Amino acid sequence: GESVGLHLPTLSVQEGDNSIINCAYSNSASDYFIWYKQESGKGPQFIIDIRSNMDKRQGQRVTVLLNKTVKHLSLQIAATQPGDSAVYFCAERIGGYNKLIFGAGTRLAVHP
Amino acid sequence: ETGVTQTPRHLVMGMTNKKSLKCEQHLGHNAMYWYKQSAKKPLELMFVYSLEERVENNSVPSRFSPECPNSSHLFLHLHTLQPEDSALYLCASSISADNQPQHFGDGTRLSIL
């Protein structure tokens, strides 16, 4: 039979625009959250993380926002570049030994 | 460049073969992980090692057998695999098995015939 993969939502943006990738997490007890970028043929690359006692954290061109009330996490990328094209995953830590639960991912496509 | 090196990058094996995947980290980390990434599911944690001791086994079938001889090396021994085990197997490491970012290798693409 035909193999069906995960259907990833795709966010298409113009080069230079800001991108916002959203993620809903499942467990209100999760205490640590992390964003990864995965390019074709490579493993996930750490972008930024945030602990549950914070609601915002900034890195270089990236900002993560955490809204614990609605269990929502977002990644903002400023001045999106073609090199930002990849699949982006959020993950939450649900106790235990750094046990991360990953979302399905969002594909970011940057157009010139 | 990630500091986590996985070999081989690609592996094709029959269901009756025995093979091993290798992971080596050059980051001085004390925790290592195995993940499975398949086309049909999100990234799934398989095993966690902290200071060479297995601390998490995420209900993984016994045909997958991990080994961590020291804090820099992690192996995944494979035997009698099934076609549904075809996937990308990713290794990661972190400073400790706590709230620390995990750094991934580029994975081994495994195909079961």
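Values quoted throughout were computed directly from the atomic coordinates according to the rules given, and no laboratory measurement underlies them. Values in this document were obtained by computation on a predicted structure and should not be read as measured data. As a convention, Cβ positions derive from the backbone with ideal geometry for all residues, glycine included, and neighbour counts pool all protein chains shown.
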Once amide hydrogens are built 1.01 Å from N within the peptide plane, the residues lying 5 or more places from A:I94 or on another chain with amide H under 5 Å from its amide H are A:K99, A:I101
Partnerless cysteines (no other Cys beta carbon under 4.7 Å) identified across the protein assembly as shown are B:C68
Computed from the beta carbon distance with a Förster radius of 25 Å, FRET efficiency for B:T5 and B:S96 to the nearest 0.05 stands at 0.75
Proxy exposure order for B:M32, A:M54 (fewest C-beta within 10 Å first) is A:M54, B:M32
Partner shielding of A:91-103, as the mean number of partner chain Cβ atoms within 10 Å, equals 6
Under 5 Å from the placed amide H of B:M15, counting only residues 5+ away or on other chains, we find B:L113
Straight-line reach check, B:K18, cutoff 29 Å on alpha carbons, 8 or more apart in-chain or any other chain, hits among lysines -> A:K42, A:K99, B:K36, B:K40, B:K41
Going residue by residue through region B:30-42, the Karplus relation 6.51 cos²θ - 1.76 cosθ + 1.60 with θ = phi - 60° gives ³J(HN,Hα) values, rounded to whole Hz and with x marking Gly or Pro, of 10, 10, 9, 9, 10, 10, 10, 10, 10, 5, 9, 9, x
Karplus-derived 3J(HN,Hα) from phi for region B:45-61 (6.51 cos²θ - 1.76 cosθ + 1.60, θ = phi - 60°), whole Hz, x at Gly and Pro, runs 6, 9, 9, 10, 10, 10, 6, 6, 10, 6, 10, 8, 10, 8, 6, 8, x
Those trypsin sites (Lys or Arg not before Pro) from region A:12-106 that are DSSP loop and have at most 16 other Cβ neighbours within 10 Å turn out to be A:K42, A:R61, A:K68, A:K71
